[in-house]
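Following: one structure in structure tokens, then a few remarks.
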């Protein structure tokens, strides 16, 4: 297995282009004008400005989002002193993590310099290039001096991840582990195996967390670090800080009665007997790589009480992974132009991580880890690196701490800052943030028809926690409360149980609405009690709920049928339609109809276009609509093309306030050179952002191709044209999709009130 992995890694790295990173341009360079702005003569203007005010380098260059990963290759992973050149794959890998998790650009710099003073001079000289310096894989004790002196000499953040990363992550885990076993940080006795850079930094950080200095016992390869050894000159100045005035001994002596063991040493040095000698409900962080000081199974099996265990491995719970820290620390530090990453920022990061682990875990994270049960407890004390909320919570916490502690050179509004972080995570998240903020301003009651489903319950919890909506779960009350408890959700949801006998008014209303459609009084009562889609529909129709969501466990047509029968289409509408929003890096596209109408006529196409344009405005997007076809403005005569042309004419006659044109081919609609070059007469001055397909087949195929091949994030489907806010999910949608559609439903309800 090891040889196979090695061979695959070699091929991975040598595949064209070699390595793992490249540089791309961020501005247009297609024309002579572009090049004159990018380089000569235009570049002279920002150069002169920076000369006059050096801080403008953050405004005119990539410096504010650029970190250098610097190493001498003297202490690389488990490889040791392999030299600068051999360390480059690792440093490139570090750059990949910065970009993947925090959207930070990296230049890795490998310095073939042995002299500490010369190394410091070389790094310090690079300050004008970067917004921050990440020191990596530098051996102790030189790494201590290098970081200390560079932090003093440079006015940008200098951070040695090997020291502080482990400290922050284990610190977050320790906060939660101590809480789970009912111990106060101030009472913990901690034994640390190892006395290198990460061990010393971890000990210092634990003191910052509130663990008394005298409660920390550190061991190196010669045993307990004692004051006697310090006085004899047996240890360096950095170890001396944690020398204790106690009797000497080995690691087994140090672990006796300890509440916490932190391993930053070598594999296999801790036995089950040593674990049994620890205090009740011990906390063990065994982080030697690739094999820990004691294996996860052995530590858990050593005793009958609670053993909270963390390792550096991904194949066991509670992985202590530095990627949970450094990308987001730098993200927050860069965004407030901090001069340093200080202790306050590190503490803020640890507490943010600890708090996040207590929250409900998104489905996308659960799926990434093979559908493991990820719920706060002994086997889940730290969030996972792929959790998108880590950047939001941790970076915002770091930025706030930087501002409050006085190392920030620019102030940010934290609400706006979180919005910007969302934008870095993808177009759909940025788009939905607009809707979420609108929803939070005036939450509404949203009936969740499939209220016993786990995803619906979790979505209700998130809606309530975020203040997006007041969710109402429909279904068996006992089952809903039991599921919420099993999921570890601390909330008391509003539940409407169709079987509790208190909802005769809904049966009566359904009977009145459907009595001339073959529904008897007893059938109406049965439908309300048996089918929560009908119950939710009547609640919305009667105004007892402002909106409803359904469809998670039903085929789309069967989920849509009850609200169409009960709520119906709006007074000014004859058709409902399903709209998907596709978020690309540089644009947002609304696609209709993708779910409802098989072969819409011209009137239907016109109506669908108008409703979709209204939806775009709810997302703060100015609609520009194109009626799609295989024909461009009469180039092909066919019934389909004629319907699209007629729909455009109807909209123009109606006097809609948004530009609309067609029929046109898809590339004409979205490529400005075609639209305004070949067809300069078009009503659209810019590419369309509302694409109306000629039929359901084309709409469904089109949006899925755009999503999958175009790399777009999709939000929807959103139902337009209904008399009241009704939205139908797709079977298999995740919790985030439900929450997003819930926010859309709330904004939909808000908009109707303002009409």
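Values quoted throughout were computed directly from the atomic coordinates according to the rules given, and no laboratory measurement underlies them. Predicted model, so just to flag it, every value in this text is computed and none were measured. When we count neighbours, we look across all protein chains shown, and the Cβ atoms used for this are built from the backbone with ideal geometry, even at glycine.
Whole-Å semi-axes of segment 506-595's equivalent ellipsoid, largest first, each the root of 5 times a Cα gyration tensor eigenvalue?
30, 14, 12
Average projected area of the Cα convex hull of segment 577-721, in nm²?
7.7 nm²
Mind running the shape call on segment 44-122? Use the C-alpha gyration tensor, a ≥ b ≥ c as the square roots of the eigenvalues: rounded below 1.5 for a/c, prolate if a/b tops b/c, oblate otherwise.
It is oblate, given that a/c is not under 1.5 and a/b is not larger than b/c.
If you wrap a convex hull around the C-alpha atoms of segment 239-365 and split its volume per residue, what is the figure in Å³?
Once divided by residue count, the hull of segment 239-365 is 161 Å³.
Out of (1) 196; (2) 281; (3) 173, which label holds the value of volume of the Cα convex hull per residue in Å³ that was computed here?
(1)
Just grab the label-to-label distance for residue 504 and residue 409, each label 7 Å out from Cα along the Cβ direction, in nm (one decimal).
So the label points at residue 504 and residue 409 sit 7.4 nm apart.
From the P(r) of segment 436-496, can you give the percent of Cα pairs sitting at distances over 17 Å?
Distances greater than 17 Å cover 30 percent of the Cα pairs.
Strictly greater than 22 Å: what percent of every Cα pair in segment 79-192 meets that?
That fraction is 44 percent.
With each pseudo-label sitting 7 Å past Cα toward Cβ, what's the residue 355-residue 34 distance in nm, one decimal?
Those two pseudo-labels are separated by 4.3 nm.
In Å, what Rg and Dmax follow from the Cα atoms of segment 324-425?
14.1, 43
Provide Rg over Rh for segment 640-683; use the alpha carbon set for both Rg and the Kirkwood Rh (inverse mean inverse pair distance).
That ratio is 0.99, to two decimals.
Kindly express, to the nearest 10 degrees and within the range 0 to 90, the angle between helix 427-441's C-alpha long axis and the longest C-alpha principal axis of the chain.
So the inclination is approximately 80 degrees.
Stretched out fully, how many nm does the piece from residue 77 to residue 231 gain, at 0.36 nm a residue minus the Cα gap?
52.2 nm
Can you tell me how segment 371-447 classifies by the Cα gyration tensor, rounded, prolate or oblate, using a/c under 1.5 as the rounded cut?
Cα axes put segment 371-447 in the oblate bin.
Could you grab the relative contact order for segment 574-702? Cα pairs under 8 Å, six or more apart, rounded to a whole percent.
About 34 percent, as a whole number.
So if I restrict to the alpha-carbon atoms in segment 265-305, what is the Rg, and what is Dmax, the biggest pairwise distance, in Å?
When restricted to Cα atoms, segment 265-305 yields Rg and Dmax of 9.7, 28 Å.
Grab the Cα-Cα distance for residue 9 and residue 569, subtract it from 0.36 nm times how many residues apart they are, and report the gain in nm with one decimal.
Between residue 9 and residue 569, full extension yields 195.8 nm more.
What are the radius of gyration and Dmax of segment 164-320, computed over its Cα atoms and given in Å?
Over segment 164-320's Cα set, Rg and Dmax evaluate to 14.2, 43 Å.
What is the log10 of I(q)/I(0) for segment 439-566, computed with the Debye formula using one identical point scatterer on each Cα and no solvent, at q = 0.10, 0.14 Å⁻¹?
With one equal scatterer per Cα and no solvent, log10 I(q)/I(0) is -0.31, -0.59.
In deg cm²/dmol and to the nearest 500, what is the mean residue ellipticity at 222 nm of the chain if only DSSP H runs of at least 4 residues count, each as -39500 (n - 2.57), divided by the residue total?
Calculated from helices alone, the mean residue ellipticity at 222 nm is -13500 deg cm²/dmol.
May I ask you to derive the relative contact order of the chain, considering only C-alpha pairs under 8 Å and at least 6 residues apart, and to give it as an integer percent?
Rounded, it is 9 percent for the chain.
Which percent, nearest 5, of DSSP beta bridges in the chain are antiparallel?
If I count the DSSP bridges inside the chain, around 20 percent turn out antiparallel.
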